Amino acid sequence: MKDLGALRYFLGIEVDRSNQGFFLSQKKYATDLVKEYGMHKARPVRLPLEANIKLTADLGDPLPHLTEYQRLVGRLIYLTITRPDITYAVHILSQFMHKPTTVHMQAAKRVLRYINNSPGQGILLASHSGAQLTAYCDSDWAGCPMTRRSTTGFCLLLGSSPLSWKSKKQNVVARSSAEAEYRAMALTACEVTWVSQLLKELGLKNLPPTVMHCDNKAALSIAANPVQHDRTKHVELDCHFIRDKISEGHITTSYVPTSDQAADVFTKPLTISQHNHLLCKLGVLSNPS
């Protein structure tokens with residue numbers, strides 16, 4: 001065993017310490033990635049995906065060599081460790097790993113141009129942050145143009161520090177936006193349960209109930225009302241365990257306006273102003289030092 005001193009760099013992750021807390025980024029990794037594909041000379045963009053384009057499997061001509069696209073997307077997946085802002089874009093691109101086309105490669109290189117706009121961007125684990133878990137969950141109803149499945153997006157914060165985030169396509173086609181949002185709440189509740197248990201093992205034993213923010217009032221009503229009706233009778237039973245978490249006092253739900261729904265970053269392309277506004281709520285920023 002050796003004492004290597006204060007942590008500064010580990011597996012491509014850079015750690016900067018200050019009075020504000022720990023700032024995690026992958027600046028060198030991101031810069032090298034952008035240069036490797038020649039995007040450091042291209043004009044930077046302010047959004048990882050174009051808002052008016054829906055990527056499908058039949059767009060463009062098939063690439064002659066799959067490995068270049070697969071390697072690029074794989075490296076972008078590793079970059080999402082400290083870059084929640086590209087999570088949704090990488091989620092979309094990873095769906096075409098088996099048969100990528102020129103359009104998909106172009107979209108992947110656009111993500112590199114976005115990274116080149118702020119290669120040092122990362123997350124701040126604040127030193128003066130309260131011990132309160134907060135969750136944001138959202139879904140983009142029938143957002144996938146190929147399967148019409150919805151996309152779940154969620155993020156968990158401890159105080160103002162982001163701990164966990166995900167963008168994931170749902171397993172079934174939702175029949176309504178309320179059902180899609182309810183499934184998103186159920187998946188978020190699973191993550192909340194796991195993170196809460198982890199924090200207890202680390203010594204935070206008296207955490208208050210986690211506040212889960214959702215922008216769909218119908219889904220909030222379904223979660224609070226144990227009575228089955230036409231809107232939920234077809235939903236699998238495992239989705240309803242969130243009601244138990246609410247009744248046990250582990251989770252409390254709260255309505256949040258769509259304009260302040262931080263999980264929107266993980267479910268759909270946004271405007272530049274809204275994208276930047278929600279990243280601030282997530283604790284994603286350039287190096288504060």
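Among the residues of segment 183-196, are any over 18 Å from residue 241 (Cα atoms) and surrounded by fewer than 19 Cβ atoms within 10 Å (Cβ to Cβ)?
no
Is there a residue in segment 133-141 that is farther than 30 Å from residue 21 by Cα, open to solvent by 20 Å² or more (accessible area, probe 1.4 Å) and not acidic (Asp, Glu)?
Taking every residue of segment 133-141 in turn, at least one turns out to be farther than 30 Å from residue 21 by Cα, open to solvent by 20 Å² or more (accessible area, probe 1.4 Å) and not acidic (Asp, Glu).
Could you tell me which of the residues 129, 94 is out of contact with any helix residue (DSSP H, G or I) (no Cβ under 7 Å at 6 or more places or on another chain) and hydroxyl-bearing (Ser, Thr, Tyr)? Let's see the steps before the verdict.
Numbers: 94 fails: out of contact with any helix residue (DSSP H, G or I) (no Cβ under 7 Å at 6 or more places or on another chain).
Going through 129, 94 in turn, the sole match is 129.
Collect the residues in segment 138-151 that are in a loop (DSSP other than H, G, I, E, B) and farther than 18 Å from residue 242 by Cβ, keeping them in residue-number order.
Result: 141, 142, 143, 144, 145, 146, 147, 148, 149.
Pick out the one residue from 61, 85 that is touching a strand residue (DSSP E or B) at 6+ places or on another chain (Cβ under 7 Å), under 15 Å from residue 282 (Cβ atoms) and modelled with pLDDT of 90 or more.
Just a single option satisfies the conditions, and that option is 85.
The values are calculated or read from the model by the stated rules, or taken from the named source; none is laboratory data. None of these values were measured; they are calculated from a predicted model. Note: ideal-geometry Cβ built from the backbone for every residue, glycine included; neighbour counts use all protein chains shown. Areas reflect the complete protein model, heavy atoms only, side chains present, ligands, DNA and RNA absent. Shrake-Rupley method; radii C 1.70, N 1.55, O 1.52, S 1.80 Å.
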